[in-house]
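See below for the structure under consideration.
Where a number appears in this text, it was derived from the coordinates with a stated rule and is not lab data. This structure is a prediction, so every number in the text was calculated from the model and none was measured. Methodologically, a virtual Cβ is constructed for each residue, glycine included, from the backbone with ideal geometry; neighbour enumeration extends over all protein chains shown.
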Amino acid sequence: MSTATLTIDLNAAVANWRALDAMSESETAAVVKADAYGLGADKLGRALARAGARTFFVAVAEEGAALRQALGPGPAILVFSGHMPGDADMIGDLDLIPMINSLDQMIRHVEALPGHPFGIQLDTGMNRLGMEPHEWSALCDIALAQDPVLIMSHLACADMPDHEMNARQLRTFHELTDGLDVARSLSNTGGILMGPDYHFDLTRPGIGLFGGHPYTKARPVVTLDIPVIQCRDLEPGETVGYANGYTADRPTRIATINAGYADGILRAMGPRTGLWADGTILPIAGRISMDLIGVDVTALGQDPKSLQLLGDDQGIDILANAADTIGYEVLTALGARYTRRYLTA
Ligand SMILES: *Cc1c(COP(=O)(O)O)cnc(C)c1O
């Protein structure tokens with residue numbers, strides 16, 4: 001077998017969810033949009049539901065429908081994009097809860113599915129999703145008469161706890177929701193770490209479940225082992241890969257491994273990234289190709305069977321920094337070609 005193996009430690013994700021849950025008095029949900037950040041919403045959803053998670057968030061109704069098939073009846077599944085045209089059957093039949101973002105969505109929802117649960121999403125400054133304060137004040141009484149299950153907003157700068165935007169959004173959220181008899185939610189992972197003022201009734205961690213910044217104390221969840229296909233010796237002056245991206249300056253042993261940018265290993269990370277074997281980091285030699293990467297394994301003194309890109313020695317944020325991006329993008333880019341292994345207790 002020559003495809004790389006992506007190992008996802010469900011126990012670690014559950015442990016991270018429990019640790020985040022222990023940081024607040026609130027209920028802790030789980031955000032599993034984009035197939036749980038690329039790691040498998042069905043497997044993660046079931047593991048977290050077994051661990052006690054009762055509320056899940058997804059981006060769109062289609063993701064909610066797939067998650068409902070995996071979880072069965074019971075857990076609440078809330079949809080950030082709200083109620084879009086064509087969603088009514090999925091929302092109704094599969095018992096999804098749209099987070100209503102606008103007057104239009106509110107009308108669509110109560111007309112198509114009168115009496116069906118919904119939540120409200122408010123914009124407190126991010127200007128991405130949710131009702132603006134003036135829209136909310138016009139709609140508030142009508143919406144509250146229909147018993148929304150939750151009112152939420154989203155923080156733009158929660159991974160920068162000192163940013164003044166956080167306090168500003170918190171103040172606005174209070175102004176829009178204080179005194180209403182409805183459960184409230186404001187915090188993603190970063191918001192949980194900012195402390196009780198931000199917790200309200202329900203928290204919504206996503207990246208923290210998978211060991212990503214800003215929850216750097218989390219247990220790593222993802223391991224990526226890539227098989228070596230071939231090793232060869234280079235004389236000084238010989239080159240490796242497209243555009244002769246690497247030139248040997250000494251006798252060099254190069255291993256060619258079977259994964260590339262088509263598997264989500266971002267080309268931009270190449271010059272600043274190494275792979276691990278036996279506690280040794282080995283630099284990438286030359287450009288990352290679509291399906292192949294050259295690695296300088298000279299320091300190892302022997303030919304490895306496989307090299308590790310992600311694991312205990314090197315987490316998603318190290319790769320993200322090397323590619324000038326964020327751990328979220330590293331995770332969601334992980335490709336479809338890997339052999340996926342899920343570790344359970
Ligand atoms: C993605 C998302 C979350 C989870 O954010 P993390 O930073 O991954 O914890 C929470 N709420 C909303 C609205 C989101 O879009």
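Can you work out ³J(HN,Hα) from phi for every residue in the range 243-260, in order, using Karplus 6.51 cos²θ - 1.76 cosθ + 1.60 and θ = phi - 60°, giving whole Hz and x for Gly and Pro?
Once rounded to whole Hz, the list reads 6, 6, x, 9, 10, 5, 10, 7, x, 9, 9, 10, 9, 9, 10, 9, 6, x.
For every other residue with a beta carbon closer than 12 angstrom to the beta carbon of LEU307, add +1 if it is Lys or Arg and -1 if Asp or Glu, then tell me the sum.
Values: positive: LYS305; negative: ASP225, ASP278, ASP296, ASP303, ASP313.
Neighbour charge sum, excluding LEU307 itself: -4.
Give me LEU6, LEU209 sorted ascending by neighbouring Cβ count inside 10 Å, so fewest comes first.
Working: LEU6 26, LEU209 30.
By the 10 Å Cβ count, ascending: LEU6, LEU209.
So which trypsin sites (Lys or Arg not before Pro) in the range 1-106 pass both tests, a DSSP loop state and at most 16 other Cβ atoms within 10 Å of the Cβ? Spell out each step's value before the answer.
Numbers: sites: ARG18, LYS33, LYS43, ARG46, ARG50, ARG54, ARG68; in loops: ARG54.
Those satisfying the criteria are ARG54.
Measure off 7 Å from each Cα along the Cα-to-Cβ vector at ASN321 and ALA22, then give the distance between these two points in nanometres to one decimal.
About 2.7 nm, to one decimal.
Within 10 Å, count the other beta carbons around each residue, average over each peptide in 132-139, 332-339, and list them highest first.
Numbers: 132-139: 14.1, 332-339: 15.8.
Result, highest mean Cβ count within 10 Å first: 332-339, 132-139.
What are the ³J(HN,Hα) values, in whole Hz, obtained from phi via the Karplus relation 6.51 cos²θ - 1.76 cosθ + 1.60 with θ = phi - 60°, for each residue of the range 208-222 in sequence order, with x given for Gly and Pro?
Karplus-based 3J(HN,Hα) across the range 208-222 equals x, 5, 10, x, x, 3, x, 8, 6, 7, 5, 6, x, 10, 10 Hz.
Could you order peptides 315-321, 277-283 by the average number of other Cβ atoms within 10 Å of their residues, highest first?
On the way: 315-321: 19.7, 277-283: 15.1.
Packing proxy ranking, top to bottom: 315-321, 277-283.
Tell me, what is the FRET efficiency for GLU235 and ALA333 to the nearest 0.05, using R0 = 45 angstrom and their Cβ-Cβ distance as r?
Working: r = 36 Å, r/R0 = 0.79.
With R0 = 45 Å, the Cβ-Cβ based efficiency is 0.80.
Per DSSP H run of n ≥ 4, the term is -39500 (n - 2.57); total these for the chain, divide by its residue number, and report the mean residue ellipticity at 222 nm rounded to 500 deg cm²/dmol. Write down the numbers at each step before the final one.
On the way: 11 runs with 102 residues, N = 345.
Estimated from H runs of four or more residues: -8500 deg cm²/dmol.
Using a simple charge model, +1 on the beta-carbon of Lys and Arg, -1 on the beta-carbon of Asp and Glu, nothing else, what dipole does the range 10-210 show about its Cα centre, in debye to the nearest 20? List each step's numbers first, then the result.
Values: 13 positive and 26 negative charges, 145 e Å.
The dipole of the range 10-210 has a size of about 700 debye.
Have a look at GLY260, GLY212, ALA183 and report the one farthest towards the positive end of the charge dipole of the range 122-277, computed about the Cα centre with Cβ charges (Lys/Arg +1, Asp/Glu -1).
So the residue furthest toward the plus end is GLY260.
Ranked highest first by the average count of other Cβ atoms within 10 Å around their residues, in what order do 164-176, 228-240 fall? Mind dumping the intermediate values first?
Values: 164-176: 16.6, 228-240: 13.9.
My ranking of the peptides, most packed first, is 164-176, 228-240.
Positive end of the charge dipole of the chain (Lys, Arg +1 and Asp, Glu -1 on Cβ, about the Cα centre): tell me which of PRO196, ALA285, CYS140 has its Cα farthest that way.
Going by the charge dipole, the pick is ALA285.
Could you give the dipole magnitude of the chain about its Cα centre, charging the beta-carbon of Lys and Arg +1 and that of Asp and Glu -1, in debye to the nearest 20? Present the calculation step by step, with values, prior to reporting the outcome.
Working: 25 positive and 42 negative charges, 203 e Å.
Using Cβ point charges on Lys, Arg, Asp and Glu, the chain gives about 980 debye.
Ratio of alpha-carbon Rg to the 2.2 N^0.38 Å globular estimate for the range 1-112, to two decimals, please. Display every interim value, and only then the final one.
On the way: Rg = 15.5 Å, N = 112, 2.2 N^0.38 = 13.2 Å.
Against the empirical 2.2 N^0.38 Å value, I get 1.17 for the range 1-112.
Could you tell me how many cubic angstrom of Cα convex hull volume the chain has per residue?
Numbers: hull volume 50.9 nm³, N = 345.
Dividing the Cα hull volume of the chain by its residue count gives 148 Å³.
Quick one: dipole size for the range 222-343, taken about the Cα centre, charges +1 on Lys/Arg Cβ and -1 on Asp/Glu Cβ, in debye to the nearest 20.
On the way: 10 positive and 15 negative charges, 56 e Å.
Computed about the Cα centre, the dipole is about 260 debye.
Between ALA156 and GLU132, 0.36 nm times their residue separation minus their Cα-Cα distance comes to what? Could the numbers behind the result be given before it?
Values: separation 24, 0.36 × 24 = 8.64 nm, distance 1.51 nm.
Taking ALA156 through GLU132 to full extension adds about 7.1 nm, to one decimal.
Which shape class, rounded, prolate or oblate, goes with the range 10-210 when its Cα gyration tensor gives a ≥ b ≥ c as root eigenvalues, a/c under 1.5 marks rounded, and past that a/b bigger than b/c marks prolate? Could you put the intermediate results ahead of the total?
On the way: a/c = 1.84, a/b = 1.07, b/c = 1.73.
Oblate shape, in that a/c is at least 1.5 and b/c is the bigger or equal ratio.
Under the definition of Cα pairs under 8 Å and six or more residues apart, what whole-number percent is the relative contact order of the chain?
19
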